[in-house]
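Let me begin by presenting the structure, written as structure tokens, before commenting on it.
The values are calculated or read from the model by the stated rules, or taken from the named source; none is laboratory data. In this text, all values refer to a predicted model and were calculated from it rather than measured experimentally. Positions of Cβ are backbone-derived with ideal geometry, glycine not excepted, and every protein chain shown enters the neighbour counts. Surface accessibility is based on the protein's heavy atoms, side chains included, excluding ligands, DNA and RNA. Shrake-Rupley method; radii C 1.70, N 1.55, O 1.52, S 1.80 Å.
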Amino acid sequence: MTEEIIVSIVDDDVSVRRSTRRLLRSSGFRAEAFASAEEFLNSGWAGETACVILDLRMPGMNGLELQRRLSQNGNRVPIIFLSAHASEEDERSALNAGAVQFLRKPISKEALLSAIRDALGMPS
């Protein structure tokens, strides 16, 4: 039952949050959306989240910093980075720190859903 699985979206772009949340909900996932890393950390959802869709570049704490913070707190939640403006070094850093995928925007709905299912160990 995917509706029991919480996927959190952390992105400062409201249109990305809205469209990704709608996609995930229409695919049966429970989706929570946050405008910043700080909002996500303060929400109480970090411990309940099965997978994080994470933007790399955001005001305040960026995606790599959030990834580090979660890891330091012992939270090994699968992270899928989404970015339109990432360097190869950013991608390497994210993957070396344990991200399960690093996807470049724009991305197809099918590719994102496949990445989420892979991260959760679900059949595609």
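The percentage of C-alpha pairs in segment 1-102 whose separation is greater than 18 Å is 42%.
Can you give me the % of accessible surface on the chain that is carbon or sulfur? Probe 1.4 Å, all protein chains present, nothing else counted.
On the way: 2960 of 6510 Å².
The value for the chain is 45 percent carbon and sulfur by accessible area.
Taking each DSSP H run with n ≥ 4 as -39500 (n - 2.57) and averaging over every residue of the chain yields -12000 deg cm²/dmol at 222 nm.
Viscosity 1.306 mPa s, temperature 10 °C: what is the translational diffusion coefficient of segment 54-116 from Stokes-Einstein with a Kirkwood Rh over Cα pairs, rounded to a whole number of µm²/s? Let's see the in-between values first.
Values: Rh = 11.9 Å.
Using the Kirkwood radius from Cα pairs, D works out to 133 µm²/s.
Accessible area per residue for segment 1-57, computed on protein heavy atoms with a 1.4 Å probe, is 47 Å². So for the pair residue 95, residue 117, with labels modelled 7 Å out along Cα→Cβ, what separation do we get in nm? Here the answer is 2.2 nm between the modelled labels. Per-residue packing, averaged as other Cβ atoms within 10 Å, sorts the ranges 82-89, 33-40, 111-118 into the order 33-40, 111-118, 82-89, beginning with the highest.
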